[in-house]
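Presented below is the structure to which this report refers.
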Amino acid sequence: MTEVEIEKENAKIAKAYKELLKVSYRLLTDDDKKLIRSAFDVALDAHRDQRRKSGEAYIFHPLAVAKIVASEIGLDATSIAAALLHDVVEDNPNYTIDDMHQLFGETVARIVDGLTKISSLKKDMDVSLQAENFRKMLLTLNDDVRVIIIKIADRLHNMQTMDSMRTDKQVKIASETLYIYAPLAHRIGLYNIKTELEDLGLKYTQPEVYNDILTKIKDSKEEQDAYIKEFNSIIKESLDKEMLSYEIKGRPKSIFSIRRKMDKQGVSFDEVYDKFAVRIIYKSEIDNEKNEKFLAWKIYSIVTDHFRPNPIRLRDWISSPKSTGYEALHITVMGPKGRWVEVQIRSERMNEIAEKGYAAHYKYKNDQEKEDTLDAWINRLQEALENPDSNAVDFVEEFKLNLYSKEIFVFTPKGELKSLPKGATPLDFAFSIHTEVGYKTRGAKVNGKLVPLSHELKSGDQVDILTSENAKPNANWLDYATTARARSKIKSSLKEEKKLIGEDGKEILRRKLKQLKIDLNEKSVNEMVNHFKLKTSLDLFYRVGIGTIDNKMLKDYAASRSNALVSFIKSKITRKSSVPKEEINNDEITLKYDQLVFGKEEEKLDYTLSNCCNPIPGDSVFGFLTINDGIKVHKKNCPNALSLQSNYAYRIMQAKWIDSSQQEFTSVIKMTGIDNLGLVNDITQIISSNMHVNMKSISFDTDGGIFSGKITVVVKNTNEVKKLIDKLKKINGIDKVTRV
């Protein structure tokens, strides 16, 4: 770099540093500024020789992360300093955690240590690296919750600056973000950051979808502004009459949430009815809680005087705030032009909590309350970590269930209020009261009536758990429980029981093998595990214990053992003779048929199509190298794609279709609509006569004048399916047509 360029860059760094101090959400004292300055100087020195992939000086990254921590999340000077220093120990061997301790004190050192531990975890772990990372990240909450928050800010900046990375790296990081960091930001209450992480995740995992929705949102911006204006003009007079000080804003839903709605409801962008929400933010005295609530309900009353509300879409987060501290009234009303529109009513304080989450929530609490709320929050996370035996990937999946779930509020028999995730059952409720109550559950009463343990609870239910000393968990309970706490406790109990049965099974097996003149040793146990297609020796002993592996099966094993050598020789001979024939046939066939090719070299490899998403030629796909089943091919928007790309990136292979012309694949098309005479004839006419597509199976069902149907068709590629769907949509009476 020339001297002029160096001077320019230094000026840019100085400007970014000044901006950091300027945008801080908290008021910074002189001592705060000194601490931040010292941290900045150390970071500048530690990263002086480093550059990012984009070519800019590395120091811009810690400065940007500190800026997110200071302004968007609104944390204190200690956190800002830790954010500036978050990569120092990892990237520069001249600085240690002890140095951090001496220079900046215990708290900053502890946070930097937590961040360094997360970043420097081994990269060659056999189990899912990301799941283990996630687990260790949550364990650092024991030290300081700010470790997680700065890690989220670090990830946000990395996502914002990924353009100069390789495509496969972008997909890996974006999948991991959607899988882990967005749910975590949601759980902490950082809704704005969660939204940005989700949108950026979609931008890199499904760029075409992201850009398509982004363009459509930009195109409809003018129409949205006009709609807000019209909505505003209708209620303005009534709000002004009550002498309220307020502001009405329109907020477009995130690209990610619009995409989720399109997928979930099987609709196009134009058919998503609530693409934006109207937000009414009112001023209220901060110390007067009663008045703040009263004003919210007064605005609710005015809005519903003018617009008809949807009675089942009222969300009262003011009487019962979410566990993240979120407060607001959400109502869905029939707005101008006959469109449903979501209206969110919040005070300025509530709005600040919704946007800043953690930091604003604590700003409005006294010191003791801050302590209690933080402790309760950490305890809830710790519950999910209590079971050290659980598989890391299962752990992430279960934890995520609880992260994203909406809350319901139910009452104990004595009238205490308990918060549970939406979809919770009486079994979840029992374990939320106490582990022992959960273990001894015999049944449950909801609102005085006996219900099955699988019954889904609703807000306002009063739940009474019936217990018995003889009751104990069984495997079916895992189908009934939804919370991480309940599931981990049930799994622990079942594992314990399995061990006891396994010990008895081992002795039974020893006796039975003795009669067959076989010793029970490591070699024979391994042989039996393979023979019965099991995973562990405990599985073997357990099955013998419960009698699913009986005498006949053990005799078959003994016979196969003595015939092993003979069958080995046979298989060698048959395999040898059949190979040339296979190869000749394959060559003849593959010249005419579709091919999937893998990797940059575009190699032709053996593969199977996964059942979870049933890809066909033309779909965007990737290969996943399984342990036992070779390469499995998944669609890029497969429900399992994020989890695979995030947890097992090293097993993902690029894949693409070539010469999409001859081979045929099955695809399932689902339809709903209004039943009328001749509808089935119209449908089959289009499929068979017009499109010349073969049908493998067809089923129709009608209920109260509404029909639903499923057709399995044989097609050559994705374009054929699209054409077919478009033609079917045009049939009179058909409402929705989707590919399953």
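Meeting the requirement of 1 or more residues that are more than 30 Å from Pro421 (Cβ to Cβ) and not acidic (Asp, Glu), the helices (runs of 4 or more DSSP H) wholly within the stretch 440-550 are 484-515, 522-531, 537-546.
Figure legend. Inter-residue proximity from the stretch 296-317: first residues within 13 Å of Val343 (Cβ to Cβ), second residues among the small types (Gly, Ala, Ser), beta-carbon distance below 6 Å, spacing 6+ or different chains. Indicated pairs: Ile302/Ser238; Phe307/Gly335.
Restricting attention to the stretch 56-107, the residues that are under 27 Å from the mean Cα position of the chain (by Cα) and β-branched (Val, Ile, Thr) add up to 4.
Determine whether Arg279 is under 27 Å from the mean Cα position of the chain (by Cα), charged (D, E, K, R) and in a helix (DSSP H, G or I).
Values: under 27 Å from the mean Cα position of the chain (by Cα): yes; charged (D, E, K, R): yes; in a helix (DSSP H, G or I): no.
Spelling it out, it is not the case that Arg279 is under 27 Å from the mean Cα position of the chain (by Cα), charged (D, E, K, R) and in a helix (DSSP H, G or I).
Listed here are the residues, each with its yes/no results for (1) more than 23 Å from Ile616 (Cβ to Cβ); (2) of a type outside the set (Ser, Thr, Tyr); (3) assigned by TED's automatic domain parsing to the domain that holds Lys635.
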position	(1), (2), (3)
Asn690	no, yes, no
Val693	no, yes, no
Ser697	no, no, no
Gly704	yes, yes, no
Phe707	yes, yes, no
Val713	no, yes, no
Asn717	no, yes, no
Leu728	no, yes, no
Asp735	yes, yes, no
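With respect to Lys600, determine if the residue is in a strand (DSSP E or B) and touching a residue at least 24 places away in the same chain (Cβ under 8 Å). Taking the combined requirement at face value, the residue does not satisfy it.
Checked across the stretch 127-144, the condition of being modelled with pLDDT of 85 or more and not in a helix (DSSP H, G or I) holds for no residue. Only one entry in Leu27, Leu21 is assigned to a loop (DSSP other than H, G, I, E, B) and surrounded by fewer than 19 Cβ atoms within 10 Å (Cβ to Cβ), namely Leu27.
If you go through the stretch 658-679 one residue at a time, do you hit one that is without any contact (Cβ under 8 Å) to a residue 40 or more places away in the chain and either assigned by TED's automatic domain parsing to the domain that holds Tyr179 or touching a Leu at 6+ places or on another chain (Cβ under 7 Å) (or both)? Scanning the stretch 658-679, I find no residue that is without any contact (Cβ under 8 Å) to a residue 40 or more places away in the chain and either assigned by TED's automatic domain parsing to the domain that holds Tyr179 or touching a Leu at 6+ places or on another chain (Cβ under 7 Å) (or both), so the answer is no.
If you go through the stretch 278-318 and keep only what is surrounded by 15 or more Cβ atoms within 10 Å (Cβ to Cβ) and in contact with a Phe, Trp or Tyr (Cβ under 7 Å, 6 or more places away or on another chain), you end up with Val278, Ile280, Ile281, Tyr282, Leu295, Ile299, Trp317. Number of residues in the stretch 319-332 that are crowded, with 19+ Cβ neighbours inside 10 Å and in contact with a strand residue (DSSP E or B) (Cβ under 9 Å, 6 or more places away or on another chain): the value is 5. Output yes when any residue across the stretch 310-333 is more than 30 Å from Val410 (Cα to Cα), touching a helix residue (DSSP H, G or I) at 6+ places or on another chain (Cβ under 9 Å) and not in a loop (DSSP other than H, G, I, E, B), and no when none is. No. Inspect the stretch 338-357 for any residue being of a type in the set (Lys, Arg), assigned to a helix (DSSP H, G or I) and closer than 19 Å to Phe276 by Cα and give the result as yes or no. No: the stretch 338-357 contains no residue that is of a type in the set (Lys, Arg), assigned to a helix (DSSP H, G or I) and closer than 19 Å to Phe276 by Cα. Of the residues that sit in the stretch 210-246 and are assigned to a helix (DSSP H, G or I) and in contact (Cβ under 8 Å) with a residue 60 or more places away in the chain, which one is farthest from the chain's Cα centre (by Cα)? Taking the candidates together, the pick is Ser238. Scanning the stretch 234-266 for residues that are farther than 23 Å from Ser284 by Cβ and among the acidic types (Asp, Glu) gives a single hit, Asp263.
Please go through the stretch 682-735 and give me each residue that is small (Gly, Ala, Ser), under 35 Å from the mean Cα position of the chain (by Cα) and surrounded by fewer than 14 Cβ atoms within 10 Å (Cβ to Cβ), ordered by number. Full working, then the answer.
We begin by selecting, within the stretch 682-735, every residue small (Gly, Ala, Ser); these are 688-689, 697, 699, 704-705, 708-709, 733.
Filter again for under 35 Å from the mean Cα position of the chain (by Cα), leaving 697, 699, 708-709.
Scanning the stretch 682-735 gives Ser697, Ser699.
Considering the stretch 459-488, and only residues there that are surrounded by fewer than 22 Cβ atoms within 10 Å (Cβ to Cβ) and of a type in the set (D, E, K, R), the residue that is modelled with the highest pLDDT turns out to be Asp464.
Selection of first residues in the stretch 262-286 that are in contact (Cβ under 8 Å) with a residue 40 or more places away in the chain and more than 23 Å from Gly338 (Cα to Cα) and of second residues that are among the basic types (Lys, Arg) and surrounded by 13 or more Cβ atoms within 10 Å (Cβ to Cβ), restricted to Cβ pairs under 8 Å at least 6 apart or on distinct chains, gives the following pairs, ordered by first then second residue: Ile281/Lys249; Ile281/Arg346; Tyr282/Arg346; Ser284/Arg349; Ile286/Arg349. State which residue pairs qualify: first residue without any contact (Cβ under 8 Å) to a residue 60 or more places away in the chain and inside the stretch 470-490, second residue surrounded by fewer than 18 Cβ atoms within 10 Å (Cβ to Cβ) and basic (Lys, Arg) in any location, beta carbons under 6 Å apart, and separation of 6 or more residues or different chains. The qualifying pairs are Ala471/Arg442.
Scanning the stretch 78-103 for residues that are in a helix (DSSP H, G or I) and either surrounded by 21 or more Cβ atoms within 10 Å (Cβ to Cβ) or not assigned by TED's automatic domain parsing to the domain that holds Arg48 (or both) yields Ser79, Ile80, Ala81, Ala82, Ala83, Leu84, Val88, Val89, Met100.
Within the stretch 608-645, the only residue that satisfies the criterion of being in contact (Cβ under 8 Å) with a residue 40 or more places away in the chain and of a type in the set (Ser, Thr, Tyr) is Ser643. Pairing residues of the stretch 1-18 that are in a helix (DSSP H, G or I) with residues that are of a type outside the set (A, V, I, L, M), at Cβ distances under 9 Å and at least 6 apart in sequence or on separate chains, gives Glu9/Glu56; Lys12/Glu56; Lys12/Phe60; Ile13/Phe60; Ala16/Phe60; Ala16/Lys67; Tyr17/Arg37; Tyr17/Phe40.
The values are calculated or read from the model by the stated rules, or taken from the named source; none is laboratory data. Small disclaimer: the values here were computed from a predicted structure and weren't measured. FYI the Cβ positions are ideal-geometry reconstructions off the backbone, even for glycines, and counts take in every protein chain you see.
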